[in-house]
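Chemist: What follows is a structure written as structure tokens; I'll ask about it next.
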């Protein structure tokens, strides 16, 4: 091979690589679904092919793909009916090119695991991404923490969640609360107390304003859920005593079961429905987290 061969190969391959990235950009920004564009999408979905084409510029190209992943997610976030079909390919390529890019694993998992218009609704792929990050960065305890959160909140798999927290607690510079978290999840599973502790840690340990806001709103919802549970128990006690459902919290107070009418985190008094169950005032902005059941293992769509 002549000395001029490598530069000549680079002169051809590097433009091809960036042409592929440009094709992906057009695919992301376009609303068309022509056959030609579909072919371009498939072209840039192969991490191994792009790694070969990068000719050693793996980190640079990974930065480009990570930027595109963030832009792609941001352009669709909170848009009604939004879908995220290119999110996993972008993150797959990014993490293959630069296995040490911690931010891609941590925030990519959030993008993938959020449901509805907030993300791809694929916690299974979020778990796969974080596990890939742990394998490539075995001393990074924050990834084990993220994995524990995913198993706990998204999949309701408390055994796997506790194992992830415990694994993270054994790594260099891990905070002591990870071991406490592992023990609590293993013992109490999906209790309100455990959920509140986990979301409090997310709020305290994360600097991203969107994630902190999500944690804050979730903590408000958990407080309301806890309040409603206590009110429901008092309403059941009222029914046992008097043989009929209470029509308002005022009746519970008159019966000596409440010292005062409790207020939700927005400052509105709780209500009693026709079924005797506690409810939020319609004016309240508080949202109680919905129960997420453990789904069957899905077929991975890569």
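Read-outs throughout are calculated quantities, based only on the coordinates presented, and are distinct from any laboratory measurement. Fair warning: this is a prediction, and the values are worked out from it, not measured in the lab. Quick reminder, even Gly has a Cβ in these numbers, built from the backbone with ideal geometry, and neighbours come from all protein chains shown.
Chemist: If I model a spin label as a point 7 Å beyond the Cα along the Cα-Cβ vector, how far apart are those points for residue 233 and residue 193 in nm?
Modeler: Simple spin-label model gives 1.1 nm for this pair.
Chemist: Let me have the relative contact order for the range 89-158, percent, based on Cα pairs under 8 Å that are six or more residues apart. Don't skip to the answer; put the middle values down first.
Modeler: Working: 78 pairs, mean separation 17.8, N = 70.
Contact order relative to length: 25 percent.
Chemist: What spacing in nm lies between the two simple spin-label points modelled at residue 135 and residue 255, each 7 Å away from Cα in the Cβ direction?
Modeler: Modelled inter-label distance: 5.8 nm.
Chemist: How far apart, in nm, are two points set 7 Å out from the Cα along the Cα-to-Cβ line at residue 63 and at residue 244?
Modeler: Distance between label points: 7.3 nm.
Chemist: Compute the Cα gyration tensor for the range 138-220, then decide on rounded, prolate or oblate, letting a ≥ b ≥ c be the square roots of its eigenvalues: rounded whenever a/c is under 1.5, prolate when a/b is larger than b/c in the other cases, and oblate in all that remain.
Modeler: Working: a/c = 1.78, a/b = 1.16, b/c = 1.54.
Because a/c hits 1.5 or more and a/b fails to exceed b/c, the range 138-220 counts as oblate.
Chemist: Okay, next question. Å³ per residue of the Cα convex hull, for the range 90-174? Can you show the working numbers first?
Modeler: On the way: hull volume 6.4 nm³, N = 85.
In the range 90-174, the Cα convex hull volume per residue is 75 Å³.
Chemist: Give, in nm to one decimal, the length gained when the segment between residue 205 and residue 281 is fully stretched (0.36 nm per residue of separation minus the Cα-Cα distance).
Modeler: Numbers: separation 76, 0.36 × 76 = 27.36 nm, distance 3.18 nm.
Net length gain for the segment: 24.2 nm.
Chemist: Can I ask one more? How big is the Cα convex hull of the range 171-212 in projection, averaged over all directions, in nm²? Write out the running numbers ahead of the final one.
Modeler: Details: hull surface 13.9 nm².
Directional mean of the projected Cα hull area for the range 171-212 stands at 3.5 nm².
Chemist: Among 253, 241, which comes first, second and so on when ranked by fewest other beta-carbon atoms within 10 Å? Numbers along the way, then the final one.
Modeler: Numbers: 253 16, 241 12.
With the sparsest Cβ surroundings first, the list reads 241, 253.
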